[in-house]
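*Asks:* Have a look at the structure that comes next, please.
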Amino acid sequence: MAIKLNHTIVHSKDKRAAAEFFTEIFGLPKAKRFYDFLDVAVANDVTLAFLDADGMDVQMQHYAFLVSEPEFDQIFGRIKGRKLKYWADPGRKEEGKINHHFGGRGVYFEDPSGHLLEIITRPYEGG
Ligand SMILES: [Fe+2]
């Protein structure tokens with residue numbers, strides 16, 4: 001199969017704030033302008049294209065990122081450093097905790113538009 005997710009639009013209340021939050025939390029280079037978008041590429045060449053919702057309601061989406069153990073420490077350190085809320089579960093019931101699914105670590109937190117971001121050190125299938 002040669003199909004790869006190439007890009008997706010991340011509707012944001014404020015694309016600049018959202019892209020900045022994302023690149024700072026994840027330790028990535030600044031977003032690049034592309035037409036109306038602020039583009040951020042992740043390591044598997046998927047581009048997140050931050051776009052102002054322009055008055056439309058932002059529908060909450062879920063974006064999950066597979067990271068290494070050292071990257072988890074760095075990102076989670078920034079989450080705690082900013083005193084952001086975080087949860088062990090997508091239902092946001094286990095606040096202030098992380099999970100250990102599939103022998104790794106995982107945690108959920110929100111971006112400035114309310115999208116639910118997740119970092120995991122092991123893919124869901126445990127492979
Ligand atoms: Fe998820």
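*Asks:* Could you count how many residues in segment 15-38 are more than 15 Å from Arg78 (Cα to Cα) and in contact (Cβ under 8 Å) with a residue 12 or more places away in the chain?
*Replies:* Pass one, segment 15-38, residues more than 15 Å from Arg78 (Cα to Cα): 15-19, 29-38.
Applying the additional criterion that residues be in contact (Cβ under 8 Å) with a residue 12 or more places away in the chain yields 15-19, 31, 34, 36-38.
So the count comes out to 10.
*Asks:* Look at Lys93 and say whether it is more than 12 Å from the ligand (Cβ to nearest atom), surrounded by fewer than 19 Cβ atoms within 10 Å (Cβ to Cβ) and touching a residue at least 24 places away in the same chain (Cβ under 8 Å).
*Replies:* The answer is no for Lys93.
*Asks:* Okay, moving on. Of the residues Tyr63, Tyr86, Tyr108, which single one is aromatic (Phe, Trp, Tyr), within 16 Å of the ligand (Cβ to nearest atom) and over 21 Å from Leu5 (Cβ atoms)?
*Replies:* Details: Tyr63 fails: over 21 Å from Leu5 (Cβ atoms); Tyr108 fails: over 21 Å from Leu5 (Cβ atoms).
The match here is Tyr86.
*Asks:* Take the residues of segment 111-127 that are surrounded by fewer than 16 Cβ atoms within 10 Å (Cβ to Cβ) and more than 23 Å from Val10 (Cα to Cα): which is farthest from the ligand (Cβ to nearest atom)?
*Replies:* Gly127
*Asks:* Then there's this: Which of the numbered conditions does Ala64 fail, given that it passes all the others? Conditions: (1) of a type in the set (A, V, I, L, M, F, W, C); (2) part of a loop (DSSP other than H, G, I, E, B); (3) open to solvent by 50 Å² or more (accessible area, probe 1.4 Å).
*Replies:* (2)
The values are calculated or read from the model by the stated rules, or taken from the named source; none is laboratory data. Remember, predicted model here, so these are calculated numbers, not experimental data. Neighbour counts are summed over all protein chains in view; Cβ atoms, including those assigned to glycine, are modelled from backbone coordinates with ideal geometry. Keep in mind that these areas ignore ligands, DNA and RNA; they rest on the heavy atoms of the full protein, side chains included. Shrake-Rupley method; radii C 1.70, N 1.55, O 1.52, S 1.80 Å.
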